[in-house]
Every structure is written in C-alpha cells, then in structure tokens.
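Notes follow once the structure below has been shown.
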Amino acid sequence: MKIGIVCYPTFGGSGVVATELGMALADKGHEVHFITYNQPVRLDFISHRLHFHEVLLEEYPLFQYQPYELALSSKMVEVVEKYELEVLHVHYAIPHAYAAFMAKKMLQEKGIGVKVVTTLHGTDITLVGSHPTYKTAVEFSINNSDVVTAVSNSLKADTLRLFNIQKDIKVVYNFIDTKKYNKFHEEECKRNALAKSSERIVTHISNFRPVKRTGDVIKIFAKISQEIPSKLLMVGDGPERFKAERLTKKYNLSDKVLFLGNSDEVAKILCFSDVFLLPSTTESFGLAALEAMAAETPVISTNAGGLPEVNINGKTGFLSNVGAVDDMAKNTITILKDDEVLARFKHNAKEHAKQFSLTTILPAYEALYKSCSKS
C-alpha cells in the first residue's frame, strides 16, 4: 500500500511511534511518505520505499503566527496526488486530523479519494483538544475520520467522556521493537562509565514538561540515595529542566545526578538502568515505561491514565498515586536493595513488554488500512 504519515517530528511519544511505524511498514514492502515540518528524529534512512516531504512555511508580515494547518493541508494534497497515496495516517488530533479533513475535501474536488486514519495519543485530547478554543474542531475532525484509534483503553474512555464521538474508537496499543533492546544486553553493557559497580542506576526520560513532575523524580531519588548507593540519569530536555537542576543542588545531589539532555540512544541508556521513574500527573499510555521494560528495567510510576495497562503493580514495577513521593521511594528501595528481587522484576518487565512488540501491533494497523481503503 501507499501510506502517508503525518506526525510531530520530535522526541515525544507520538512522533516516536509514528516514525517507528513508518519504518516498519517500509520494511514490509509498503511505500511510506512522511509529511511534516522537519525530518522525524528517529527516521534512520530514506529509501525508495521511505520518503520525507517537508512542509514549508512562508514568512508573511500579516501573520503573527504562521498558519501551519493550511500549509500542511496543501502539502498533503500535493503528496497524495503525486504519489497516489491510499491512506493518510495522522498522529495527534491537533492540527493533523483537521488538516487531513481539509486535504480530503480538496482532493475530492479533483476526483481523488483518500482515507484518513487518526490516532489519538493523549494530550491532544485530555489537555489541549478539550479546551473550548479547539474542542469543536477536534470533535468534528475525529467524527469525520474514516478510522479512529487510541493508544490505550484509558484514552478511549477519556475521549468518549470529553467529546460527543459518533465514530467507533479502536484501541491499538503503542509498540516497541524489542530487538533494539536485546542487542545491548547481548553485548557488554558498559555501565561503569556512569556509576561504580556498587551503585544502582535510576533513570528518568521525558520532555521535562510540568505533567512529567521532574521535581518528584529528584525528591524520590533524594530518599533512595539515603539508603541505596546510586546515581540518577535525567534524560531529555524541556521547560522544567532548570527547576530540576536547582532542586538537585538543594538536596546536595549534584555529584549523583547526571543531566544528559535529549538522546537518540535511549535503548543504550536503559541498558545501564536498574529502575525507571515515571511519576507523571497523567500518561495516555506510557511509552517511556514500555521502553524501559523492554530493556529489563522495572518501572516505578503513578497509576494515572493508561499506565496500569502497561506497568503491572507488584510484577513489572509498582504503581502509586500522583504525588506519593514517599511511597514511590519506598517501592524503589524494595526493588533495589535485594539482588534477587531486582533480577525477578527485571525478568518480569522484559517478558511483559513482549506483548507490545512491533510484530504484534503492526498487523493491527495494516488490517485497519486495508479495511478502510476497501470501504
């Protein structure tokens, strides 16, 4: 099939999933066209089956903010028409689903049909999409998509609660390529570059937005480090990084916390890790938690949103209420203080992650493409 993928080309979960999906589809013989304003960060190569089309924004003094939706819709029309795409798969409701609807209508004027698959990822629904400024347009775009998917049952429930949705929403979980994580464990994992052999390594990976509660990560680690010799790896960047660095100094942890910035070597970093911290206010799915589990890293997380669908309490890690710093620290120490307990949680995490493997989820998307292209 000929498939167009529209996403945010960033380190965020929706962009990562969209990019990995596109590359996997190309590996299976489909022709895939990415349509976005930058080349996605995890797009490893361009080939005869994998293409990138940049959405260009023209500077014009009348506009305080450039009208990205218009440029995106026009680019979709151009690519669909030129390459005879059958499906546009848009990730994130804002503004992609709305832009896809406009592109579809413009193409119909030319006698060209294309189907639109919209995947809802989380904040596009729960934080941004439900805002009165956008709600009507988002609701309209979802209802006028040919197929709608959500990355968790929790997100599906939130969407139905917040909007008047007439379409059936299919749950297709986020996925990972487990092979990427296996290779780092098969090779020597050079963790001594970051910590002593007697130290445990705790990791947090996010975009450092307020919803990720990076301050809680530092507070949790402060309690852990009082009982367990350990280092904390803070991976990512964003608006809360400065506050997290300041909190690190407040707790006299500067020699124990490493801020690594954004990285495209997440699998290698997780290879070093013993526990992953994710104290988010909400997570529609928790892709970072799943990546950690695939790398044999148990997860300490909140029980918000879709996280209980990924992290199994008492098996792959532990769940706590949002803001329960003491409980999350206690649970982390429970795992880290005993080698046998840590080994059991690591094994369980890796085994559970296999349920979300690329080989399991990819056929579900292929089936949806085929079903809507025939309708």
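The values are calculated or read from the model by the stated rules, or taken from the named source; none is laboratory data. All figures in this text were calculated on a predicted structure; none of them were measured in a lab. A quick note on method: Cβ atoms are made from the backbone with ideal geometry, for glycine too, and the neighbour counts reach across all protein chains shown.
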TODO: May I ask you to list pairs of residues, at least six apart or on different chains, whose Cβ atoms are under 6 Å apart, with the first in the stretch 259-272 being touching a residue at least 12 places away in the same chain (Cβ under 8 Å) and the second being of a type in the set (S, T, N, Q) and surrounded by 15 or more Cβ atoms within 10 Å (Cβ to Cβ)?
DONE: 270/297
Task: Answer from 26, 93 - the residue that is surrounded by 22 or more Cβ atoms within 10 Å (Cβ to Cβ) and modelled with pLDDT under 95 - done: 93
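Only one of 296, 309 is closer than 21 Å to residue 346 by Cβ, within 22 Å of the chain's Cα centre (by Cα) and part of a loop (DSSP other than H, G, I, E, B); which?
Step by step, each of 296, 309 is checked, and only 296 is closer than 21 Å to residue 346 by Cβ, within 22 Å of the chain's Cα centre (by Cα) and part of a loop (DSSP other than H, G, I, E, B).
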TODO: Only residues in the stretch 275-294 that are on the phi > 0 side of the Ramachandran plot count as the first member; pair them with residues that are at pLDDT 95 or above and part of a loop (DSSP other than H, G, I, E, B), Cβ under 7 angstrom, at least 6 apart or cross-chain, and list the lot.
DONE: 286/311
Open item on the list: Yes or no: the stretch 264-271 includes at least one residue that is in the same structural domain as residue 340 (by TED's automatic domain parsing) and under 21 Å from residue 123 (Cβ atoms).
Closed with: yes
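Within the stretch 25-32, can one find any residue that is more than 28 Å from residue 264 (Cα to Cα) and out of contact with any Lys or Arg (no Cβ under 6 Å at 6 or more places or on another chain)?
no
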- [ ] Could you list all residues from the stretch 363-375 that are surrounded by fewer than 19 Cβ atoms within 10 Å (Cβ to Cβ) and of a type outside the set (S, T, N, Q)?
- [x] 363, 364, 366, 367, 370, 372, 374
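Does the stretch 142-154 contain any residue that is modelled with pLDDT of 90 or more, assigned by TED's automatic domain parsing to the domain that holds residue 74, over 20 Å from residue 78 (Cβ atoms) and out of contact with any helix residue (DSSP H, G or I) (no Cβ under 9 Å at 6 or more places or on another chain)?
Taking every residue of the stretch 142-154 in turn, at least one turns out to be modelled with pLDDT of 90 or more, assigned by TED's automatic domain parsing to the domain that holds residue 74, over 20 Å from residue 78 (Cβ atoms) and out of contact with any helix residue (DSSP H, G or I) (no Cβ under 9 Å at 6 or more places or on another chain).
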Open item on the list: Would you confirm whether or not the stretch 96-114 contains a residue that is modelled with pLDDT under 90, buried (at least 24 other Cβ atoms within 10 Å of the Cβ), aliphatic (A, V, I, L, M) and part of a helix (DSSP H, G or I)?
Closed with: no
